[in-house]
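The values are calculated or read from the model by the stated rules, or taken from the named source; none is laboratory data. For clarity, every value in this text was computed on a predicted model and none was experimentally measured. Cβ sites come from the backbone with ideal geometry, for glycine too, and all protein chains shown count toward neighbours.
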Amino acid sequence: MKEKIQKFGRSLSAMVMPNIGAFIAWGLITAIFIPGGWWPNENVAKMVAPMLKYLLPTLIAFTAGKNVGGYRGGVAGAVAAMGVIIGTDTPMFLGAMIMGPIAGWCVKKFDKLVEGKIGAGFEMLVDNFSLGIMAMLLAIAGYLVIGHAVSWITNGLSAGVNWMLAHKMNPLLALLVDPAKVLFLNNAVNHGIMTPLGIQQAAEMGQSMLFLVDPNPGPGLGILLACWAFGKGNTKQSAPGAVVIQLFGGIHEIYFPYVLARPVLLLAVMAGNVCALSFFTLVDFGLVAPASPGSLISIILMSPKGKTLVGILGVLIATVVSFLLAWPMVKSRPDFQGESENGPVPSPAAPGIAGGLAAAAGAISKIVFACDAGMGSSALGATRFKARLMKAGLPEIKCTNCAVGEIPSDASLVVCQKELESRARLSGKEVLGITNFLSDPALDALLEACKAGTMPSAAPADPQPAAPQAPAESPEPSVLRPENILTGLAPESKEAAIRRAGVLLQVSGCVDAGYIDAMLEREKVASTYMGEGLAIPHGTAEGKACVLRSGIVVLQYPEGVDFDGEKARLLVAIAGVGDEHLSLLARVAGALEDPSVLERLSTCADPKEIYETLK
């Protein structure tokens with residue numbers, strides 16, 4: 001359920017985040033040129049209403065359609081959105097968020113249906129007319145039906161917001177929003193929910209407090225100041241930089257790891273936000289447009305004329321309340337004081353991490369930091385690590401950032417939050433999961449591995465000859481056995497399929513019974529579905545103790561096994577001694593990176609064909 005909610009939230013965020021620049025442009029025009037703005041100008045202000053009614057919803061619909069059905073889906077989404085836009089007087093942001101994905105889905109399904117069936121020379125004719133007909137029908141449906149339904153829903157939500165305003169209940173929104181934020185759903189909550197409703201409210205009232213529910217940097221700033229003032233070790237050292245980034249950069253992800261390390265700090269965050277929203281309610285303050293990123297600078301720019309100090313005071317109130325409540329929590333937390341419950345915190349550059357990375361460091365030429373939208377925490381991480389590479393004399397190693405769904409093909413290593421690891425692995429690249437973009441031990445180890453990988457290789461450091469290794473393209477014969485490949489299995493639940501694979505590993509003498517539970521536990525943490533019908537179940541780090549020797553089993557389900565909405569037809573379960581599971585993962589993924597090979601192995605009836613491909 002959590003993964004489905006996060007997936008839905010990411011979809012909402014992905015519709016709006018690429019268009020934030022347009023929202024800011026509209027917001028600045030509104031704040032500066034409307035009557036009562038900083039420099040009123042009647043002619044320039046004429047752009048405000050058309051941008052709100054037509055431009056912004058159309059951009060959202062195009063982006064949403066493109067996310068689902070490619071560029072053709074984007075075009076269909078934009079045309080379809082015009083139906084709901086013209087059909088009502090309500091700003092159709094929610095309507096665009098509905099029509100865009102529907103149009104993209106229709107285009108995607110049609111293209112798949114006619115794939116390989118269009119005669120040579122007729123492709124352009126079919127593509128253009130099919131797109132035009134689908135877009136026309138969807139626009140008509142939006143005009144006659146969907147637009148009115150969305151208008152009814154929007155008016156209902158607006159009435160609810162206005163009721164909360166009238167009864168001074170807006171501060172309670174913080175109790176719902178802040179827990180979602182620290183689970184990295186901040187972009188989804190802010191841009192997928194609060195922004196559309198806030199724009200509707202701002203169009204009617206000239207400002208909206210909904211623009212302040214998520215972006216206020218004060219609650220997170222108070223947490224970071226408490227860690228700076230009363231923490232020790234890495235906590236104290238990393239906090240100052242995080243304070244600057246939180247307050248002026250507006251990248252709220254920077255404080256999430258501090259809260260996740262001590263979940264009780266969430267109470268301080270919520271209390272700070274509730275107090276700030278209470279203050280904004282009492283003084284009837286809101287922003288004229290979305291504040292993105294959620295920094296002090298954005299709040300100042302989007303404040304109504306003459307109310308700038310009110311916005312700054314609201315940030316200060318949230319900071320002070322959060323700081324005072326976090327103070328005793330930080331002081332009572334051993335790992336915030338530079339030690340764990342059982343003694344000092346280990347050195348950041350853990351040997352296990354460093355050793356694993358150093359083995360592949362020579363192949364690292366481009367490091368990509370990935371986050372949900374590719375605009376916030378990933379940009380921060382890439383910038384800071386690039387500076388560390390330059391300082392270490394490694395300018396030849398490129399370091400950039402992107403959205404987790406758009407990882408470039410030339411990436412050598414992907415760095416992302418642990419919550420996004422499963423999505424990043426769909427790219428087929430090596431992935432390093434971290435929790436803190438400022439002082440995560442894995443980043444220190446990565447830097448050391450990069451240094452080691454650039455050392456001259458003419459003469460080996462160790463005069464002893466290296467131990468022989470198996471060819472990189474195939475596991476050792478003892479790791480994969482023909483009898484551990486089962487084909488033509490009937491569909492069953494994900495848990496049953498993983499348990500079946502675990503039992504087969506156990507019967508083969510690779511693991512003991514505890515590894516089966518470790519495999520199921522790993523699936524709860526993050527899905528092992530890799531995309532293209534392939535899943536690679538394996539155990540948790542704690543489950544390594546249950547591995548007796550490395551092994552692989554293959555289960556083929558021609559009709560598929562449901563992996564949280566995705567169909568896995570080929571399950572390749574692995575168990576590796578020590579860190580060997582990483583090598584097995586890479587080698588299996590490499591052998592199955594060709595979709596045509598994967599398709600063939602997912603349907604063939606002979607286990608020997610699978611064995612010959614993977615051995």
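Name the residue that is modelled with the highest pLDDT, counting only residues in segment 371-385 that are buried (at least 24 other Cβ atoms within 10 Å of the Cβ) and within 15 Å of G249 (Cα to Cα).
Top of the filtered list is G381.
For L56, all conditions in the list (1) touching a residue at least 60 places away in the same chain (Cβ under 8 Å); (2) part of a loop (DSSP other than H, G, I, E, B) hold save one; what is the number of the exception?
(2)
Out of all the residues in segment 497-533, which are among the aromatic types (F, W, Y) and farther than 17 Å from E566 by Cα?
Y515
Give just the number: which of (1) modelled with pLDDT under 90; (2) out of contact with any Asp or Glu (no Cβ under 9 Å at 6 or more places or on another chain); (3) not small (G, A, S) does P334 not satisfy?
All conditions pass for P334, except number (2).
Inspect all residues belonging to segment 282-291 and state whether any of them is assigned to a helix (DSSP H, G or I) and among the aromatic types (F, W, Y).
no
Consider segment 279-295. How many of its residues are of a type outside the set (S, T, N, Q), under 21 Å from I251 (Cβ atoms) and crowded, with 23+ Cβ neighbours inside 10 Å?
Total meeting the criteria: 5.
For segment 240-263, check the following and say yes or no: at least one residue is in contact with a helix residue (DSSP H, G or I) (Cβ under 8 Å, 6 or more places away or on another chain), under 30 Å from P35 (Cα atoms) and modelled with pLDDT of 85 or more.
no
Return the residues of segment 540-559 that are closer than 14 Å to I498 by Cα and either loosely packed, with under 15 Cβ neighbours inside 10 Å or free of Cβ contacts under 8 Å to residues at least 40 places away in the same chain (or both); say none if nothing qualifies.
If the condition is that a residue be closer than 14 Å to I498 by Cα and either loosely packed, with under 15 Cβ neighbours inside 10 Å or free of Cβ contacts under 8 Å to residues at least 40 places away in the same chain (or both), then T540 is the only one that fits.
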